[in-house]
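**Student:** Quick one: the structure is below, and I'll ask about it shortly.
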Amino acid sequence: MSTPVRYFALATLVITTALVGCGDDSDAGTGGGVVTIYSGRTQNLVEPILDRFAEETGISVEVRYGDSSDLALLIDEEGDRSPADVFLSQSPGSVGFLDQQGLLGTLPGDVLDLVAPGFHAADGGWVGFSGRKRVLAFNPEFTDESTLPSSVLDLVEPQWKGRIGVAPSNASFQDFVTAMRFKLGDDATRQWLQGIADNDAFTFANNAAVVAAIDRGEVELGLVNHYYVYQALAQDPDFAAINHDFAVDDIGSLVIVTGASILKSTDNNAEAVELIRFLLQNEAQRYFSDQTFEYPLAAGVEPAAILPEIELGGSADIELDQLGGDLQSTREMIRDAGLEG
Amino acid sequence: MTQASRAERAPLPLRGLAILVAVVFATPVAYVLWRVITLDGDFGDVINESMGPLWRTTQLAVIVSIATGAVGTGLAWLLVRTDVPFARVLRLLAPLPLVFPSFVGAAAFIAGMGPDGAIRSVMSVVGYSVPTRFRGLGASCFVLTAFTYPYVYLPVAARLAGLPPSIEESARLLGDRPSRFFFRIVLPAIRSSVLGGMLIALLYSLSEFGAVQLLGFDTLTRVIYATRLLDRAQSFAAATLLLILAIIAVTIERRMRGSLRHSAPSSMRRNAPVTLGRWRIPALFAVVAVLMVSLVTPIASLGQWAWRGIGRSSSPASALGDQLSNLRGPLWSTTWLGVIAAVVAVLVVLPAALLAARFRSRLAPPVTSAIVGGFAVPGLVIALSLAFWALNVPYFDRFYQTTPLLIAAYVIHFGAQAMRSTEVAVATVPRHVRESARLLGASPARRARTVELPLMRPGLVAGGGLVLLSTIKELPATLLLAPIGLQTLTTRVWGAFEGGLLAEAGLASIVLVIASGTLTWLLVLRRADHLG
């Protein structure tokens, strides 16, 4: 045997031994008060309340953080061998995808009943646990709020040419367009998208990029979720962008929810249900309202004082779980209008 | 002697090992093809819809590759072979831009262009008004080149460090100016390292997502990401297009670089630097300008983010202390994951390098292509494919979401970066040196330790160094495959960035850069003899 070959045989042996040695501590607790969560909500937004749950119940919590869509794809690869018990999603799209794949269990009726009927999947696959409202962000330094429209549909008017920023590949924007399709029909939606594109809307990668650009004066107006400006303001008191709300019953004021679900494959169903119930009780709902500036969804919990009032259920004539369903056609419409890229 | 070398066949265990390595590296590709078949995608449709992104991806990759070739090679020659001032410090800084996770690097650049951003402030001092809109092809090429030239710089610097000083000395004796003997003498000698680095930069641009997304440039990876939940057939078909582009690139590069077997041999002698004369100061300016753009600018933006958050809190010192102590765990896991991945990657690609460089094996091209191709697959796809294989191959499910599987993901994704440097390292151990050691009766182990490894070391270390820096900043596979609860500096940066906590993202990024700099110095530069 020549030298390098011998060297390799040895190295391979060492590596294999190491692999085998490391491999055997992978058995997670089996039902002994552990719940494993895949969370598409970021750590800073959700960890404090998960820690409170662990403290309160003695059930320990293990969390894998990641992008909602990526985690949903991973769960789909894992199938019935998923280590996850609970999946928390940033938007209805990812939980809707898993529901369609038949990977979600059914939540008990008393958990679903904690929120208004419009805020959980009709089949009980997932439940919304906080809400974000669509708004028009602007910078009062450059734009007078009294000139801003009361309906998102008016943004196709010629006076808004070259002044609007959107994040067309963002899940919230796509959810909003899907909702518009349900409320106004495909033709009206197509026309609106075309109008926005014809108005030379600027496209951004995500909502945070849109509000940052508004703050810098790079673009005047942006269609985003409501809490980005509050979060930015909490860190930077000089942050200049603020929200303009469309009329309460306007499609532009749609509320999009974050979704909690239990996987069908879970061995820890009781603990998982307990966790989701906890997320919908007063303490957690207050936390989402006061710390992450989202709208609480459980009946009887008031939103934080700085948030403008909304009529929860104002958009309830749109079945939110349909948002997960027909996203593909939505995406095609957005692309056909020339808004992507 | 030549006759003997022609006849020499690679030993069977080596060939077996190389095939095994190739099979492992090909698993993501097999997964993509499997999914394309099972999801029954319509290729005609995909190609129709992806013509635009395909063309834009090609443009981006070609331009970035050429630009990194020029910047990386120029920098390496100036810092390794000439008497440019402060070369020692600059050599430490030059590889570091590679470590910015692309989403952070691009975001820092964009923020720097804003009204109170660092770039705008500096440029306004010299009377230049920076355009507010920094998007599209030009911006993407600029940012990617700034962050990926080290793919060329590190291997080329390692190669230059190993070249005998005589090649420049003789040119100088003949009266050539530095610029002339660079093109006539030096460039041909380092060609395979330059092309290898350019190929890596090209493959990186093909699979890059974070930066081009922020810069609003619509490439194939955007198609892969945008359709990954909604139309998986299209997503995987787009990934296949990416792989085809990668195969074309690998093939072209192989044609261009010619045979490695005629590489100029390494020498252990320390080089007399080329004297630049009156070009010394302009050369220093050129090097500093590159580092200003690719290192200082993003750090300034990140520092600004960190300062805005921490400086405004009631007690900045304790806020800073809290944040830093939160980063201790991630710092440690980042370090050991990076080091292990780098060592394993070099060991794993060595059999392929030996096949390619020492034996005229027909196995070598497919094996090296499999290794290099892994870098064109987006990290998300690598992660999903390893999840698929780990869960579906008997026995391997016990490794699912354990450290060994995560390391495997890093090695498969980044092994390409160690490949060329390792090949060059193996090829440049002069044959007569090996032969004489054998004739003198040295045992194989002793020959490896005292003759081969010292000569190969700069190349091996440079290749490992690239893998180290890439692993440190890896995101998608780390998020999906790491043991639950394990965090790296990059996952922390991402979490903070996604959650809108710019201050924490800025601080964690700065810690990331400092940690990478320290590791590069300790493990790469000091060990690569002439590099440090």
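Nothing in this text is a laboratory measurement; each read-out follows from the coordinates by a stated rule. Everything numeric here is computed off the predicted structure, so don't read it as measured data. Cβ placement follows ideal geometry from the backbone for every residue including glycine, while neighbour counts extend to all protein chains displayed.
**Student:** Using the number of other C-beta atoms within 10 angstrom as an exposure proxy, rank B:Tyr149, A:Tyr228 with the fewest first. Working shown, then result.
**Tutor:** Numbers: B:Tyr149 29, A:Tyr228 26.
Taking fewest neighbouring Cβ atoms as first place, the list is A:Tyr228, B:Tyr149.
**Student:** Cross-link candidates for A:Lys133: which aspartates and glutamates have Cα within less than 13 Å, leaving aside residues fewer than 8 places away along the same chain?
**Tutor:** A:Asp175, A:Asp245, A:Asp249, A:Asp250, A:Glu294, A:Glu309, A:Glu311
**Student:** Here's something else I'd like to know. For n ≥ 4 DSSP H runs only, could you compute -39500 (n - 2.57) per run for chain B, divide by its residues and tell me the 222 nm figure to the nearest 500? Spell out each step's value before the answer.
**Tutor:** Numbers: 28 runs with 382 residues, N = 532.
My calculation for chain B gives -23000 deg cm²/dmol from helical runs alone.
**Student:** With each pseudo-label sitting 7 Å past Cα toward Cβ, what's the B:Phe396-A:Gln194 distance in nm, one decimal?
**Tutor:** Reported label-point gap for B:Phe396 and A:Gln194 is 5.0 nm.
**Student:** So for the stretch B:443-499, Kirkwood radius off the Cα pairs, Stokes-Einstein at 20 °C and 1.002 mPa s: how many µm² s⁻¹? The partial results should precede the final answer.
**Tutor:** Working: Rh = 14.1 Å.
Once the numbers are plugged in, D ends up at 152 µm²/s.
**Student:** Please compute the Kirkwood hydrodynamic radius of the stretch A:139-188 from all pairs of different C-alpha atoms, in Å with one decimal.
**Tutor:** 12.8 Å
**Student:** OK, next. What are the residues whose amide H is under 5 Å from the amide H of A:Phe202, where those residues sit 5 or more places off or on another chain and H is modelled from the backbone?
**Tutor:** HN-HN under 5 Å from A:Phe202: A:Ile164, A:Gly165, A:Val166.
**Student:** Translational D (Stokes-Einstein, µm²/s) of the stretch B:292-433 at 37 °C and 0.692 mPa s when Rh comes from the Kirkwood sum over C-alpha pairs?
**Tutor:** The Stokes-Einstein estimate is 176 µm²/s.
**Student:** Here's a follow-up. Taking 35 Å as R0, compute the FRET efficiency from the Cβ-Cβ separation of B:Phe86 and B:Arg255 and round it to 0.05. Before the final figure, lay out the partial values.
**Tutor:** On the way: r = 39 Å, r/R0 = 1.12.
The computed FRET efficiency comes out at 0.35.
**Student:** Placing +1 on the Cβ of each Lys and Arg and -1 on the Cβ of each Asp and Glu in chain B, which of B:Ser369, B:Pro101, B:Ile472 has its Cα farthest towards the positive end of the resulting dipole?
**Tutor:** Towards the positive end, the residue furthest out is B:Ser369.
**Student:** What's the average, rounded to a whole number, of partner chain beta-carbon atoms within 10 Å of each residue's beta-carbon in A:210-219? Write down the numbers at each step before the final one.
**Tutor:** Working: counts 0, 1, 6, 4, 0, 3, 9, 3, 8, 2.
The per-residue average across the peptide is 4.
**Student:** In the protein assembly as shown, with Lys and Arg counted as +1 and Asp and Glu as -1 at Cβ, which of these residues, B:Leu405, B:Ala87, B:Ser65, has the Cα nearest the positive end of the dipole, that is, farthest along it?
**Tutor:** Working it through, the farthest residue towards the positive pole turns out to be B:Ala87.
**Student:** Within 10 Å of each Cβ of A:71-80, how many other protein chain Cβ atoms are there on average?
**Tutor:** Numbers: counts 2, 2, 10, 9, 1, 4, 13, 6, 2, 0.
That works out to 5 on average.
**Student:** Additional query: As a test, work out the antiparallel percent of DSSP beta bridges whose residues both lie in the protein assembly as shown, rounded to the nearest 5. Display every interim value, and only then the final one.
**Tutor:** Numbers: 23 of 37 bridges.
The answer is about 60 percent antiparallel.
**Student:** Can you tell me the equivalent ellipsoid semi-axes for the protein assembly as shown? Use √(5λ) from the Cα gyration tensor, largest first, whole Å. Before the final figure, lay out each step's value.
**Tutor:** Details: eigenvalues 476, 195, 118 Å².
Those come to 49, 31, 24 Å.
**Student:** Taking 7 Å along the Cα-to-C-beta vector as the label spot, tell me the B:Val433-B:Ile47 distance in nanometres, rounded to one decimal.
**Tutor:** Output for this residue pair reads 4.9 nm.
**Student:** Additional query: Under unit Cβ charges (Lys, Arg +1; Asp, Glu -1), what dipole magnitude, rounded to 20 debye, does chain B have relative to its Cα centre?
**Tutor:** That gives a dipole near 2000 debye.
**Student:** For B:Leu440, B:Leu243, which order do you get if you count the other beta carbons within 10 Å of each Cβ and list the fewest first?
**Tutor:** Working: B:Leu440 10, B:Leu243 19.
Placing the least packed residue first, the sequence is B:Leu440, B:Leu243.
**Student:** So for A:Ser39, A:Ser151, fewest C-beta neighbours within 10 Å to most, what's the order? List each step's numbers first, then the result.
**Tutor:** Details: A:Ser39 24, A:Ser151 13.
The most exposed by this proxy come first: A:Ser151, A:Ser39.
**Student:** Apply the membrane-span-like helix rule to chain B: whole DSSP H runs, Cα extent along the own long axis of at least 24 Å, mean Kyte-Doolittle hydropathy at least 1.6. List the helices found. Don't jump to the answer; show the numbers that get you there.
**Tutor:** On the way: long enough: B:43-81 (52 Å, 0.84); B:187-207 (30 Å, 1.43); B:232-257 (37 Å, 0.99); B:328-358 (44 Å, 1.55); B:403-427 (33 Å, 0.98); B:453-473 (30 Å, 1.18); B:502-519 (25 Å, 1.84).
What comes out of the filter, once short or polar helices are dropped, is B:502-519.
**Student:** Ok, one more. What size of dipole, in debye to the nearest 20, comes out for the stretch B:388-471 about its Cα centre when the only charges are +1 on Lys and Arg C-beta atoms and -1 on Asp and Glu C-beta atoms?
**Tutor:** My answer is approximately 380 debye.
**Student:** Still on this structure, please answer the following. Could you tell me, in Å, what Rg and Dmax come out for the Cα atoms of chain B?
**Tutor:** In order Rg, Dmax, the Cα atoms of chain B give 23.2, 78 Å.
**Student:** By the gyration tensor of its Cα atoms, with a ≥ b ≥ c the square roots of the eigenvalues, what is the shape of the stretch B:18-107: rounded for a/c under 1.5, prolate for a/b over b/c, or oblate?
**Tutor:** In terms of gyration-tensor shape, prolate.
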